[in-house]
Each structure stands twice: as C-alpha cells, then as structure tokens.
Amino acid sequence: MTVTRFAPSPTGYLHLGHAASALTGWHAARQSGGRFLLRIEDIDHTRCRPVFEDAIHEDLAWLGLDWERPVRRQSEHRAEYAAALAALDALGVLYPCFCTRKDIEAAGQAPQGPEGPLYPGLCRALDARERERRLAAGAVPAMRLDAKRAAGIAGELSWNEGGPAQVPVDPRRLGDAVLARKDIGASYHLAVVVDDAAQGVTLVTRGEDLAEATHLHRVLQALLGLAAPDYHHHKLVLDDEGRRLAKRGGAKGIRAIREAGMTPAEIRALAGFSD
Ligand code: GLU
C-alpha cells in the first residue's frame, strides 16, 4: 500500500510550492487506495510558530485535502532522534564540530557542494585530547557525519525515482553534514529519515530542490537499517518570471491568494492539478 506524506515546517504560510507537494502526495495515495499523512517539521523551535502550524491545517483543508490523524509533530519525538544519533555514533561515523560560521568562512578552501560550500572538515582532524579539552571547557558541539567513513560502511546505494528509474547515490554529495545542531540536538536530515521510517512512508513526494538531500538520506537509512521509501521529486512551481517560489522572497502565500478571491480549484490548477 502506498503511504505518502506532506511534511511542512511551520516557519511561514504555505505557498503554491507547498500546495504542489501536498497535492502530489495526496493524489499518489488516493490513486492507489493508500494513505496520506501530514507531518509538522517543527524541530527547529527557533523558527517555528504556532500560528503557522494552525494555518497549515486550515489551508490544506480549504484546498480540499484530508489526512490521517494523529499528525506527527517532530517536537514530540526528540528521544527518537537522540536514539538514532547514538546508533550512528556507535558506528563511528560522527564527530563533534565546534566551528562557528565565522570559523568555517575564515578557513576558506571549502569545496563547493550543490547548496553552497561544503564543510572543510576542520573538526574532523581534531585529536581526542583537544576534543576532550573543549568539551571539558563547556563547549557544546554540533555533530557531523564523517561522510567518507559513512560511505565506506553504507556501500553502493541508489533510490527509486518515480517508478523504476534508479538514481545512484553519491554519499559525499552534501559533505560532512550536520546531523545534530548545537541548539536543537537533531537536524532536518536526521529527523526526516527517522520520521519517514516511523510513519511507514513508502513514497516521498517533495520538490526537486530536495533531491540533493536524498543522497544523504539514503546513506542514513542504510546506516540505521531503515527501509528506503521510493521518491518522487516533483518540478518546482515557478513564478511569472520563472523564479522558484520560496517562503522568503515574496512567494505568494495560499491565504493571500485566497483572500484575493481565488477558489481552491483555481489554486489547485495553479499548482499543476486540474481535477
Ligand atoms: N520540511 C521540509 C520543508 O518544509 C520538507 C521536508 C521533506 O519533504 O522531506 O521544506
């Protein structure tokens, strides 16, 4: 049975790109008699607001979507992320990173990744004594994945994209990514992998901008012994000038368009779904 999900972060109002993701997942579940789930990705408490969480429920219902209850909220599952982090640590694929953004910028020579410079590995090279000294001095580190080591353990991987197409995984695509931020003890990458498995998601539908992250997610699934869902990374909804819609940068919120008098059917059509 197909189980899909829509997993927004309540850091702003939903825009047309979100509507496209939600509708893609909802239709995929519907067409196969499967299940459609909603997950609130509120792990980053510094940016999430209850008002946006309420608006997610309201806007999706207004759009004509329905989803199963209970809704999973990441903030209620911190212990599961901590357990996954401990399991990765036991495999020897994590290291503490004490760097500030300034330290990383000052180091220069960072290799380019798909989403900007990759972490240049400064703290990977710290010896055990120096690590102990910093921890004893009260420094709270982030935890990073040692991507090279992880690749060695995970072996060759791929994912199913939109059916039979196999995409080979480049395990070092996002470099030594942060899996536990200093301030929240987890990260999007860690939480999303744990959550998709915990919710039994069989098909992840999300924008193609997140396909880069799937390289890392497949590695984490392999290391944690979790079943890999299929993926469908859909095209992004672009604005009139061909720019991608994002929450920042003036993307039109669904409620703003709705207040301007558009119907749910018109918004569904704008997001690429004429029903
Ligand atoms: N929470 C992410 C976002 O709002 C989506 C994560 C996902 O679909 O995997 O962009």
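Any read-out appearing in this document is the output of simple, stated calculations on the displayed coordinates, not a laboratory observation. This structure is a prediction, so every number in the text was calculated from the model and none was measured. Virtual Cβ from ideal backbone geometry, glycine too; neighbours counted across all protein chains shown.
Couple of notes before you dig in:
- With a Förster radius of 22 Å applied to the C-beta separation of Ile257 and Asp54, the computed FRET efficiency comes to 0.75.
- Partnerless cysteines, meaning none of the other Cys C-beta atoms lie under 4.7 Å away, in the chain: Cys48, Cys99
- As a length-normalised measure over Cα pairs under 8 Å and 6 or more apart, the relative contact order of region 1-122 settles at 23 percent.
- The mean sequence distance of close C-alpha pairs (under 8 Å, at least 6 residues apart), as a share of the length of the chain, puts its relative contact order at 25 percent.
- Over the chain, dividing the summed -39,500 (n - 2.57) contributions of all DSSP H runs of at least 4 residues by the number of residues returns a 222 nm mean residue ellipticity of -11500 deg cm²/dmol.
- Summarising the strand pairing of the chain, around 55 percent of its internal DSSP beta bridges are antiparallel.
- Nonlocal Lys pairs with alpha-carbon distance under 28 Å, the chain (8 or more apart, or different chains): 7
- Gain in span if fully extended, Asp103 to Ser32, counting 0.36 nm per residue against the direct Cα distance: 20.6 nm
- Net length gained if the chain between Lys148 and Asn160 were fully extended (0.36 nm per residue, minus Cα distance): 2.0 nm
- Nearest-0.05 FRET efficiency for Thr11 and Glu212, computed from C-beta distance (R0 22 Å): 0.65
- Fully extending the segment from Val71 to Ala139 would add 20.9 nm, taking 0.36 nm per residue of separation and subtracting the current Cα-Cα distance.
- Under 14 Å, Cβ to Cβ, from Val3 - net charge with Lys/Arg +1 and Asp/Glu -1: +1
- GluC sites (Glu not before Pro) lying in DSSP loop within region 1-98, provided at most 14 other Cβ fall within 10 Å: Glu68
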